[in-house]
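For reference, the structure is listed below as structure tokens.
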Amino acid sequence: MKDSVKESKHSAGIHDAGTRAGISGIPAFNDNYLWLVRQGTLAAVVDPGDAAPVMAALQQQRVQLRAILLTHHHKDHVGGVLELVERTGATVFGPASEKLPHCDRRLSQGDRVTLPELDLDLEVLDVPGHTAGHIAYAGRAGGVEPLVFCGDTLFASGCGRLFEGTPRQMHESLAKLAALPDETRVYCAHEYTLSNLAWARAVEPDNAALREWHEQAGQMRDRDQPTVPTTLGLERQVNPFLRTAHPQVAAAAAAHAGKPLADEVEVFAALREWKNHFR
């Protein structure tokens, strides 16, 4: 497992800002990652909640911003859009049904974003739950394939809170993401991994893969390295929200809820409530 995790991080180019192609994570706020896709002298950015670090990265890497991809309307994902559009003229792509500060092309399930100059070809997936109109982008970008930009729907060993959607919606959205290939790199928007893993260990204390990943992720954070992107193959092993069909996870959720749980949606809802209050 360690080799696959290491490969997914480094081949994504998260620290290699000097390459001609790839994806780099721009830290913002306390724990956000703004993903910068680069191909030659052009770039796209995903969920730019703050314009300043994006502009600094563009200047440092000497690239021109061609496109902005938005997953949902929360301010830490869209707060830099207007300034970036004003300063770069970038085209903004975003969810069809959400209120955004600016959007040139509104997207929903089955649409594609194809920008050959960025080696970018992404299918749009509707993934409501965190917000009502949340979308994700799955496919290829900047020489990285397969990948998914999933915003706040799926996190490393966790998932987003249900601010506007229902447990059934979020469970179905996660199942849609989980159906992508094992090697899909998961570009989520926050560095929540260690807190998510502490909770996941409470759900599945006997999961050896989870224990190993927790130890490795802790070492990475001690070195100030990001723990994302992970891969969907790893997430299926260690993320309780993708493991609602596993008897151990279902039993732990029922025990914590103090009642029988009829199906996977009820298991998911109990897990999400547990995580909401976990300290």
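Throughout, read-outs are computed from the coordinates displayed, never taken from laboratory work. These numbers were taken from a predicted model, which means no experiment stands behind them. With ideal geometry, Cβ positions are generated from the backbone for all residues, glycine too; neighbour counts draw on all protein chains shown.
Evaluate the Debye formula for the stretch 189-279 with equal point scatterers sitting on the alpha carbons, no solvent, and hand back log10 of I(q)/I(0) at q = 0.15, 0.18, 0.20 Å⁻¹, in q order, two decimals.
Normalising to I(0) and taking log10 leaves -0.56, -0.78, -0.94.
Considering the chain as a Gaussian network with a 10 Å cut-off on Cα pairs, which listed residue, Asp76, Asp222, Asp121, attains the greatest mean-square fluctuation?
Asp222
Separation between the Gln59 and Ala262 pseudo-spin-labels, each 7 Å from Cα along Cα→Cβ, expressed in nm?
In this crude spin-label approximation the distance works out to 5.9 nm.
Could you size up the charge dipole of the chain around its Cα centre, putting +1 on the beta carbon of Lys and Arg and -1 on that of Asp and Glu, and report it in debye to the nearest 20?
240
Where the only charges are on Cβ atoms (+1 Lys, Arg; -1 Asp, Glu), what is the dipole of the stretch 41-115 about its Cα centre, to the nearest 20 debye?
Here the size comes out at about 200 debye.
Calculated from DSSP H runs of 4 or more alone, at -39500 (n - 2.57) each and per residue, what is the 222 nm mean residue ellipticity of the chain, nearest 500? Let's see the in-between values first.
Working: 10 runs with 102 residues, N = 279.
Rounded to the nearest 500, the figure is -11000 deg cm²/dmol.
To the nearest 20 debye, what charge dipole does the stretch 211-279 have about its Cα centre, counting +1 at the Cβ of each Lys and Arg and -1 at the Cβ of each Asp and Glu? Walk me through the intermediate numbers first.
Working: 9 positive and 9 negative charges, 26 e Å.
That gives the stretch 211-279 a dipole magnitude of about 120 debye.
Just grab the label-to-label distance for Ala202 and Asp121, each label 7 Å out from Cα along the Cβ direction, in nm (one decimal).
Inter-label distance under the simple model: 4.5 nm.
Select one label from [x] 68, 38, 37; [y] 55, 39, 30; [z] 54, 51, 38: the one whose number is Cα extents along the principal axes in Å as derived from the coordinates shown.
Of the labelled values, this structure produces [y].
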